[in-house]
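Undergrad: Got a structure for you, written out below as structure tokens; questions coming shortly.
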Amino acid sequence: MPDKVLMKGNEAIGEAAIHAGCQCFFGYPITPQTEVAAYMSRRMPKIGRVFLQAESEIAAINMVYGAAGSGVRAMTSSSSPGISLKQEGISYIAGAELPCVIVNIVRGGPGLGGIQPAQSDYFQATKGGGHGDYRLVVLAPSSVQEMVDLVQDAFDIADKYRNPVMVMGDGMLGQMMEPVEFKERKPAQLPSKDEWKADGLKGRKEHHVINSLYLKPEELENQNLKMQKKYAKIKNNEVRYEMYNCEKDVDFVLVAYGTISRICKNAIKLLAEEGINVGLIRPITLWPFPEKAFEEVIDKTKYGFMSVELSCGQMVEDVKLASNGRKPVYFYGRTGGMVPSPNEIADAVKRNIGGAK
Amino acid sequence: MENRIRIFTGHFGSGKTEIAINYALKLNNEGKKVCIADLDIVNPYFCTRDEEKFLNDKGIRVIATPKDLANAELGVIPLETLSVFNDKSYDVVIDVGGDDKGAIALGQFNRYFREENYDMYFVINTLRPETHDVDSIIEYLYEIEAASRLKVNYLVSNTNLSYETTVSQILNGDKIAKEVSKRTGIPIKFTAVREDIASEIKDHEFKIMPIHIFMMPPWRKFEE
């Protein structure tokens, strides 16, 4: 195969998972992520791995629970309504501390919503979704190449911390085509799964048990405290972000993730032509949120920050927490599958910095 | 002599839609009365129907899923599609969804294709991972013929890496397409090349069709 190929985001997710050693894919079709499952259905049997179209999203996530419990790399993918259905399973997987990858190619909501691109699952992904004190690491690529890289990273992060990792992209990222490369990757140093995986006795006397049920409150509290320590470690180690045009003093800083960040870059170029200097913080990890990126620009930005989203301000509270009242925080977004043009974003910037003057 | 009805098929993501739109524009430029039918029931985004206004303004009739239903989760083929077979005053371009799954949409029109000759094109991009060699391309070609119950008459060599395409990639793609042509006996009708690099290919064995790119995410449209 040529070094560089042209792939749709959804296909690239599948191929990246295969490169990462994903042994089992369980899915269920839903627009705009169906091509992930379609790609896996064609590729996985050819290389002797498991593709299974489950009878529902709920079944698919519980199949991931089982496969991950046996120690293999497993993945499922869906889009917003389907991810809602998976939440119980995700909570169980987090509770049982199993590594797996969940892909959400987000469409408009709430409810059945629509099939056009959106980012309105931010709360669901970063603040719970399922029940209990758990966290997902949430990775948000903005190009098909970054999707390829982050899906592979997601498997490593999941194994490193024994925690589910979500890769979240809007529908456009799933549907668009870009050149991609599957670069040679150094194998990550990861903890062995021998201590916990439920793959038969293998000469041991005690069974490994995969479980998230604790009959003694002391034990459940201990489990929660242990998990909180793990999340603190993730917050320390795994934060990722991109800073764009933030080297010098700026009038304003946009905060945007995923494909909308690319439109923000267009808007920044438009604004520069008018002498308005605007930077961009692009969170790559949505959880842990890149608070330290804000430290780098908090004193440099004259009028503060603006969260730009394909949702109704779901990221605003994280931007506010990160800027901690030191600079104003504004919001601009479109929803329902409507995607703003660079001009619309530039106008929103001008409105807000005009107001701040 | 070309047949009145041209059908563009190929592997998912091979570039059928771009070529179909460009082909419709070419026929339009030749002064023909043109209709383009979007039968893509596979793709939810980046479809011919997205360019409906532009094409209408050029005087090209667009038959596509009605706007109200374009975002329904199942592809819808409008009843109006039948008119491309009945109204013979039109030169017709049919944009079909990718793979055998997309080609199924053609099957229902089989009785019309038996009554009138057609040109069916099979679009090849050798920089798509699943059609990077001769065997895999031929596998897709036969699957599409079986699903559509139609025969491919021409190959279109459309090797590209979107905005990163180089001339050497195009020439290499042509080599593979030529081998497909040799093995199947289906001639190559033209090589499609992005319009901004088309002049870089000289004295080419196949006809060059410069194409303008329409299917772009918003930030690339802005950069154009």
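Results for (1) closer than 21 Å to residue B:22 by Cα; (2) at pLDDT below 95; (3) not basic (Lys, Arg), shown as yes or no for each residue.
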{"position": "B:147", "(1), (2), (3)": "no, yes, yes"}
{"position": "B:156", "(1), (2), (3)": "yes, no, yes"}
{"position": "B:199", "(1), (2), (3)": "yes, yes, yes"}
{"position": "B:203", "(1), (2), (3)": "no, yes, yes"}
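Undergrad: Now, a different point. Say whether the condition of being out of contact with any helix residue (DSSP H, G or I) (no Cβ under 6 Å at 6 or more places or on another chain), in a strand (DSSP E or B), more than 14 Å from chain A (Cβ to nearest Cβ) and β-branched (Val, Ile, Thr) is met by at least one residue in the range B:91-101. Before you say what the answer is, go through the steps one by one.
TA: Just the residues of the range B:91-101 that are out of contact with any helix residue (DSSP H, G or I) (no Cβ under 6 Å at 6 or more places or on another chain), to begin with: B:94, B:97-99, B:101.
Now drop any that are not in a strand (DSSP E or B), which leaves B:94.
From what's left, more than 14 Å from chain A (Cβ to nearest Cβ): B:94.
Add one more test, that the residue is β-branched (Val, Ile, Thr), and what stays is B:94.
Looking through the range B:91-101, at least one residue is out of contact with any helix residue (DSSP H, G or I) (no Cβ under 6 Å at 6 or more places or on another chain), in a strand (DSSP E or B), more than 14 Å from chain A (Cβ to nearest Cβ) and β-branched (Val, Ile, Thr).
Undergrad: Determine, yes or no, whether residue B:22 is over 23 Å from residue B:220 (Cα atoms) and modelled with pLDDT of 95 or more. Explain how you work it out, then say what you get.
TA: On the way: over 23 Å from residue B:220 (Cα atoms): no; modelled with pLDDT of 95 or more: yes.
Taking the combined requirement at face value, the residue does not satisfy it.
Undergrad: Taking the condition of being of a type in the set (A, V, I, L, M), away from chain B (no Cβ under 14 Å) and touching a residue at least 60 places away in the same chain (Cβ under 8 Å), how many residues in the range A:159-194 meet it?
TA: Filtering the range A:159-194 down to residues of a type in the set (A, V, I, L, M) leaves A:165-168, A:172-173, A:176-177, A:180, A:188, A:190.
In the following step, the residues that additionally are away from chain B (no Cβ under 14 Å) were identified as A:165-168, A:188, A:190.
Those still in the list that are touching a residue at least 60 places away in the same chain (Cβ under 8 Å) too: A:165-168.
Within the range A:159-194, residues that are of a type in the set (A, V, I, L, M), away from chain B (no Cβ under 14 Å) and touching a residue at least 60 places away in the same chain (Cβ under 8 Å) number 4.
Undergrad: Residue check: is residue A:165 under 18 Å from residue A:73 (Cα atoms) and either among the small types (Gly, Ala, Ser) or surrounded by 19 or more Cβ atoms within 10 Å (Cβ to Cβ) (or both)?
TA: Details: under 18 Å from residue A:73 (Cα atoms): yes; either among the small types (Gly, Ala, Ser) or surrounded by 19 or more Cβ atoms within 10 Å (Cβ to Cβ) (or both): yes.
Considered against the rule, which asks whether it is under 18 Å from residue A:73 (Cα atoms) and either among the small types (Gly, Ala, Ser) or surrounded by 19 or more Cβ atoms within 10 Å (Cβ to Cβ) (or both), residue A:165 comes out as yes.
Undergrad: Considering only residues that are among the polar types (S, T, N, Q) and part of a loop (DSSP other than H, G, I, E, B), look in the range A:136-162 and name the one that is surrounded by the most Cβ atoms within 10 Å (Cβ to Cβ). Even if it seems obvious, please write down each step before you answer.
TA: Here is the first cut: in the range A:136-162, the ones among the polar types (S, T, N, Q) are A:142-143, A:145, A:152.
Still in the list and also part of a loop (DSSP other than H, G, I, E, B): A:142-143.
On the way: A:142: 24, A:143: 20.
Once the filter is applied, the top-ranked residue is A:142.
Undergrad: Right, something else. For the range A:239-357, which fully contained strands (runs of 3 or more DSSP E) count at least 1 residues that are within 14 Å of chain B (Cβ to nearest Cβ) and basic (Lys, Arg)?
TA: On the way: elements: A:241-244, A:252-255, A:278-283, A:285-287, A:305-309, A:329-333.
In the range A:239-357, A:278-283 are the strands (runs of 3 or more DSSP E) which contain 1 or more residues that are within 14 Å of chain B (Cβ to nearest Cβ) and basic (Lys, Arg).
Undergrad: Moving on. Filter the range B:135-151 down to residues that are within 14 Å of chain A (Cβ to nearest Cβ) and either of a type in the set (Asp, Glu) or surrounded by fewer than 19 Cβ atoms within 10 Å (Cβ to Cβ) (or both), then give me how many there are.
TA: Looking only at the range B:135-151, we keep the residues that are within 14 Å of chain A (Cβ to nearest Cβ), and these are B:135-137, B:139-140, B:143.
When the remaining residues are screened for being either of a type in the set (Asp, Glu) or surrounded by fewer than 19 Cβ atoms within 10 Å (Cβ to Cβ) (or both), the result is B:135-136, B:139, B:143.
So the count comes out to 4.
Undergrad: Need at least 2 residues that are touching a residue at least 40 places away in the same chain (Cβ under 8 Å), among the hydroxyl-bearing types (Ser, Thr, Tyr) and away from every other protein chain (no Cβ under 13 Å) per element, so show me which strands (runs of 3 or more DSSP E) inside the range A:30-135 make the cut, counting only ones lying wholly within it.
TA: Correct list: A:74-78.
The values are calculated or read from the model by the stated rules, or taken from the named source; none is laboratory data. Just so you know, these numbers come straight off a predicted model, no measurement behind them. Methodologically, a virtual Cβ is constructed for each residue, glycine included, from the backbone with ideal geometry; neighbour enumeration extends over all protein chains shown.
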